[in-house]
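One structure is given here, and the rest of the page talks about it.
Readers should treat all values here as calculations from the given coordinates under stated rules, not as data from a laboratory. Being a predicted model, the structure only gives us computed values, none of them experimental. A quick note on method: Cβ atoms are made from the backbone with ideal geometry, for glycine too, and the neighbour counts reach across all protein chains shown.
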Amino acid sequence: MIFLKNYFKMIKKTNILFFILFFILSCKTKNNIKNTNFSPKNSGQILSLTKNNFLEYENLSIKFKVNYKKEEQSLIFSGNLRILKDKKIWLSLRAFGFPVASALFTNDSLKIVDKFNKKYFVGNYDFLEKQFNQKIDFQILQAILTNEFFKTDKNQNLKKFEFLEEKNFFNIFFDNKNIYQKFIIKDKIFKIENIEIFDKKKKKKLFINYGEFKNIKNKIFPNLIKIKLENQEEKENIFINVKYTNIVKNKKNLKFNFKIPKKYKKF
């Protein structure tokens, strides 16, 4: 009981809003994963082969466990994630069976309820861009959660990314005076295994690693996402490990219920 009290004190001190945002921003293979021996020669071919291996879905219902670590603070949550492709992302978090937070992301808005501190936030993605000093929108969030490509700048052309072949991997990367962005694609299975983004001006790095690929109706999909956010100026690192424990594709009548209690105060 003392442990639980101390744990929930830690949660109370944690800004749940920012934990959820960091979560959103966070390989061994089964024998039935199909391999290919085709060797691409440029970024366009890599994009085509990898996109062909993206999970095809109308909606996803996912149960997960997440470990959040910042400096000496470490928290463990369980939760549910629901995605209506290109339209909605719904998230619910629990700690020791107690509801902690919920969130709803759409193309033009985000809503977050901190159930532990009885607060809520409603806004748009401009807020996220100001907080993290980098491009964040619905499509980027969805891509990170579902192991897909994304652009940090609307003017980027993924087909014009530079191409580099290494042993067991293919790299496509973009590098200018402001941003360095790289996708590392595992050969044979053509799945994104690592993403690296470095904001040179703000000295911030984002690392995303995908692992534990498993077969879901003839498409392979990661069951583990490791996220590291590195702030070089403040010398601060945040780690988030997300383990998908159950994935259901195209569930009938999947609900995205979201309610903000009247007594809750705005952030």
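Worth pointing out:
- Per-residue extension of 0.36 nm, minus the Cα-Cα distance of K263 and N107, leaves a gain of 53.5 nm for this segment.
- Cβ-based exposure ranking for S92, S61, S39, S109, in which fewest neighbours within 10 Å come first: S39, S109, S61, S92
- Estimated D of region 77-233 in µm² per second, where Rh is the Kirkwood radius over Cα pairs and Stokes-Einstein applies at 25 °C, 0.890 mPa s: 141
- Modelled this way, with points 7 Å down the Cα-to-C-beta line, the labels at K118 and K130 are 2.7 nm from one another.
- Net length available on complete extension from K255 to Q156 is 32.2 nm, with 0.36 nm assigned per residue and the Cα-Cα distance removed.
- Pairs of alpha carbons in region 158-267 whose separation is greater than 19 Å (percent): 63
- Residues K252, K65, K228, arranged from fewest to most other Cβ atoms within 10 angstrom of their Cβ, appear as K252, K65, K228.
- Each Cα pair under 8 Å and six or more residues apart adds its sequence gap; the mean of these over the residue count of region 76-135 is a relative contact order of 20 percent.
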